Each structure stands twice: as structure tokens, then as C-alpha cells.
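For reference, the structure discussed in these notes is given below.
The values are calculated or read from the model by the stated rules, or taken from the named source; none is laboratory data. Worth saying up front: this structure is predicted, and the values here are computed from it rather than measured. Neighbour counts run over all protein chains shown; Cβ positions are idealised from the backbone, glycine included. Remember, those area values only see protein heavy atoms, side chains included, never the ligands or the DNA or RNA. Shrake-Rupley method; radii C 1.70, N 1.55, O 1.52, S 1.80 Å.
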Amino acid sequence: MKKILYYCQSLVGIGHLTASLRIARELLAQHDVDFIQGGLDTPAGLEHGGYRNLKLPALLHDEDTGGFVAPDAGASLDEVWRARAQAIAAFLRPPYDAIVIEFFPFGRRRFRREIYALFDAVRAASGAIPIFCSVREVLIPADARTERKIVAMIERDIHTIFVRGDPAIVALDETFAEVDSIRAKLVYTGYVAPEAPGASPPRQKTILVSQGGGDVGRELLRAAVLTAPALPDYRFVLAAGSRTPRPAIDALKAEVRSANVEIVPFLPDFQKHLSESALSISLGGDNTLLDVITTRTPALAYPYQGSSEQGLRIARLAAAGFVHALEPADLEPARLRSRIGHALATPYPERHIAADGARRTAERISATLAGR
């Protein structure tokens, strides 16, 4: 069994971590995996004899300053960084045959000191092993100087870049101008989606409104609450984000004016609920969109206004007929009711998109390690 070290640092939401765990699950069919993760949200890990997991002391993203903040008010940032370094050093069990890193160097460059220390420690004990990068197909655009720095990091350290996406929908070229400099290292794997349900259950007259894994987009939930009275034949189920504070949920409940609204702080087995719903309304995060596509659920997507990458992905999926894009003006109740009616009446497209990215990534890594 080859042994692989996987590193994933999340800041907002759980999209990066969810994709990484899906890839790690496929790798475990042929390899042992030591998985290092950072971030506040921690979905269930993997149960496997060849899997080890380290959850690093959390560093949170401060949306006001763009910097970091320690969730423990009694600890300084320097203390958290030192605790993370000590945890990594104690966790490593070299030699390793490969490293897989999520997003870096396209993102997470503020963690580069930690990441390069990890690279150096592993290579010192394991030799010149390949480092693979897994990255989503849409990036937040950077300036030309930053892109050239990213290219230099890739040329120095990265063996292969696995792009989680279908270039027939959107290619990395649209958000990374220097793509020709790294094209020889790119492999499009398809989206890293969950397994599709085995059978499609009957659709209920339910509209599932979801906030995703963060605490953004409360205006979408409020718009759904205000629109529900105009659609009394439909049950509105609102799933708040995992980070949404209780007072915000209570404030939302106070605005409910119809009996067809249910607000839940968390919805287990989200994909099952989605597959039984007539319509999804969401912020169009990575995980939700992939669930929408695999369950073939009609969908309205309102991109998080602080993220240009979500807006581009939603626009391309809307052009292909997989979702219907919402704009801020569409949150007015009368307009949202109209958009809901249009989405419900529109046939779902017959075409499919590449969505087996976890398996394809694992196969390509295994082939590389086997010398193929």
C-alpha cells in the first residue's frame, strides 16, 4: 500500500473539505491516507483502517479585516500557529509516496509558511515525491503579478493539477489568465459530486431553501419566508447555515406569516430531502450545486454577493439549463414567486455533465505512483 498525505484548509464553508474527503475516500481503495484538515466546520471523517486524521487548531477568516482571528479569545495568533506546527510534526508518519494539497497555490497562500514547512519535512524523510493539487474550476481572479507568482510555485513544486470541473461548462481559462503556462499539468476530472441516488423518489410539493455551510445569505431565507404566503400549495423548508446564530434563526421565525413554512437549523441527509423536493433555492455553493445536479432537481441559485466565482459558475450552469440564476432584485416577493413558477414549469435538461471527479482523481494519482 502506498501512503499519501492530504492537506486541506477551509476558511468559509465546507466545500473544499467535502471535495477533499470524497477524493480521499476513493484513494483509500488502494492507498493509506493521512489527512490534515483545518477549519471550524468538520463534517464526519472517514471510517477506514488505512485512514488517519488530524484536525488542526482553528484559524478563522475575519471578513472585516481579511486577516485571521483565533476562535479562542485567550490565545494569540502566534500561539495558534505554533500549536498547529507542533500538531503537524507529531502527526506525520513518513515516508510518504505523495502529497495531495487542496487549492494551494491558487489559494491559501497566507498558509504558505505552514505548507512549505510541511513539504520540506515530508520530502526530507521521503525523497522527491510528487505533490498533486486539487482545485475548483473557477477562481477569484488575481492580478498579473500574483498569477506569475502562482505559476512559479506550480513549476517548482506541483506535479499535476486536478481541476474539479467540466470544461464544457466552464474552464480554468476564464479566471486564470496565465493558464497556458501550466496547461501541460492540468487534468480536468469532472466535478467531485456525491453518488447519485439509486432511485428517484416521487417529488413532493416542497421547496427546499438552503443557506449552505456558512452564515451568509440570510436575505435569501427572508425572501422565501415573505414569498411563501403567495404559494400556499407548497411547503417551504428553510435550512439555515451551520454557523447561523440562534438569534438570527429566531428573528427569521418571527417574520413567518403562513403555516407552510418550516425553519430548521440543520437538515440531515440533505441529498435525500433534495431528491424529494419540487425545487431547490440556494446560494449556489459548491456542495449544493453538485447535489442539485446529481439529483436532477430544478433549482434557483442566488450567488453569494461576496464571491465572484460562485456567480460565474451559476451563470454557466444556467446557460446549460441546470439552474436558474437569481439577482438581488429577484428577492422581492412578487418577483421571486414568478421566478419560482418559471423554474417549476421548465423541463430539466436531458444532458449530463462530468461529475465523477473523485474516482478519476484517485485513478490518475494511482497510475502516477505506479509509473504509468
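Using the alpha-carbon atoms, what tilt in degrees (0 to 90, nearest 10) does helix 308-319 show relative to the longest principal axis of the chain? Result, in degrees: 60. Counting only DSSP beta bridges whose two residues both lie in the chain, roughly 5 percent are antiparallel. If I take R0 = 45 Å and measure r between the Cβ atoms of E363 and R110 in this structure, what FRET efficiency does the formula 1/(1 + (r/R0)^6) give, to the nearest 0.05? It comes out at approximately 0.90.
Each of A319 and A251 was given a label point 7 Å from its Cα along the Cα-to-Cβ line. The distance between the two points is 3.7 nm. In this structure R222 has an accessible area near 110 Å², from a 1.4 Å probe over the protein heavy atoms. Mind putting a number on the dipole of the range 1-87 about its Cα centre? Charges go on the C-beta only, +1 for Lys and Arg and -1 for Asp and Glu, and I need it in Debye to the nearest 20. So the magnitude is around 520 debye. For the range 112-214, the calculated P(r), taken from all Cα-Cα distances in 10 Å bins from zero up to the bin holding the longest distance, is 12, 32, 28, 17, 9, 2 percent.
The loop-placed chymotrypsin sites (Phe, Trp or Tyr not before Pro) in the range 180-269, going by DSSP, that have at most 15 neighbouring Cβ atoms within 10 Å of their Cβ come out as F266. The range 126-199 and the range 216-245 have Cα centres lying 35 Å from one another. Applying D = kT/(6 pi eta Rh) to the range 34-139, where Rh is the Kirkwood radius over alpha-carbon pairs, T corresponds to 25 °C and eta to 0.890 mPa s, the Stokes-Einstein value obtained is 161 µm²/s. For I140 and L77, the difference between the fully extended length at 0.36 nm per residue and the C-alpha to C-alpha distance is 20.1 nm. Any idea what log10 I(q)/I(0) is at q = 0.07 Å⁻¹ for the chain, Debye with uniform C-alpha scatterers and no solvent? Debye intensities relative to I(0), on a log10 scale: -0.32. A Stokes-Einstein calculation at 37 °C with viscosity 0.692 mPa s, built on the Kirkwood radius of the range 182-234 over Cα pairs, returns a diffusion coefficient of 212 µm²/s. The alpha carbon radius of gyration of the range 293-372, expressed as a multiple of 2.2 N^0.38 Å, is 1.50. For the residue pairs K2/K149; K2/K185; K55/K253; K3/K185; K149/K185; K2/K272, the C-alpha atoms sit more than 24 angstrom apart in K2/K149; K55/K253; K2/K272.
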